[in-house]
1. Given contacts defined as C-alpha pairs under 8 Å and at least six residues apart, what's the relative contact order of the chain, whole-number percent?
2. Once a ≥ b ≥ c are taken as the square roots of the eigenvalues of the Cα gyration tensor of the range 1-40, is the result rounded (a/c under 1.5), prolate (a/b larger than b/c) or oblate (a/b not larger than b/c)?
3. So what's the back-of-envelope 222 nm ellipticity for the chain, counting only DSSP H runs of four-plus at -39500 (n - 2.57) apiece and dividing by all residues, rounded to 500?
4. Tilt of helix 58-77 relative to the longest C-alpha principal axis of the chain, in degrees (0 to 90, nearest 10)?
5. Apply the Debye scattering formula to the range 2-124, with a single equal point scatterer on each alpha-carbon and no solvent, then give log10 I(q)/I(0) at q = 0.10, 0.22 Å⁻¹.
6. For the range 92-99, what does the Karplus curve 6.51 cos²θ - 1.76 cosθ + 1.60, with θ = phi - 60°, yield as ³J(HN,Hα) per residue in whole Hz, taken in order and with x for Gly and Pro?
7. Would you give the gap between the C-alpha center of the range 6-30 and the C-alpha center of the range 40-79, rounded to a whole Å?
8. What ³J(HN,Hα) values, in whole Hz, does the Karplus curve 6.51 cos²θ - 1.76 cosθ + 1.60 give for the range 109-114 when θ = phi - 60°, with x put for Gly and Pro?
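Where a number appears in this text, it was derived from the coordinates with a stated rule and is not lab data. All figures in this text were calculated on a predicted structure; none of them were measured in a lab.
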Amino acid sequence: MDEQLQAEFRRRLHALMSALKISRRNPKLQALIGTMGLSAVSDAKAQGWADLKQRLGAPGYDALLKAMQKSAADLKQKGVTDGPRALEVLAVSIIARRQHDPELEQPVRVLDDYVEACIATAKRIAASAGT
């Protein structure tokens, strides 16, 4: 990835992390991140978010990001705001896997932990609804 794209990703990650500090009080967004993340994990037959990111080869990476981009655009067109934000969180986490900038390790770890926590909550809710 060239330096301009890396700089843009860095700016986007930091902006997203700042927004998530505020969004942590948004249970609807957290539920969407968890549900959408859990769906991606299940579709990939992965053990969790980290496993999904690890397993993604180039074709799967590109396909998943394109699907997320299309879903986000469709939701925006319908006037939905939290869905596109949830997809952005997941997409940035996926893109972060391909970044090799030591400066980004800590914020990416925080983002991934946040996604994993949202997925764990979605799993608990799904399990309790199924019993």
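1. Reported relative contact order: 37 percent.
2. oblate
3. -27000 deg cm²/dmol
4. 70 degrees
5. These q points yield log10 I(q)/I(0) values of -0.28, -1.48.
6. 5, 4, 5, 4, 4, 4, 9, 8
7. Distance between centres, Cα-based: 18 Å.
8. 4, 5, 4, 5, 4, 5
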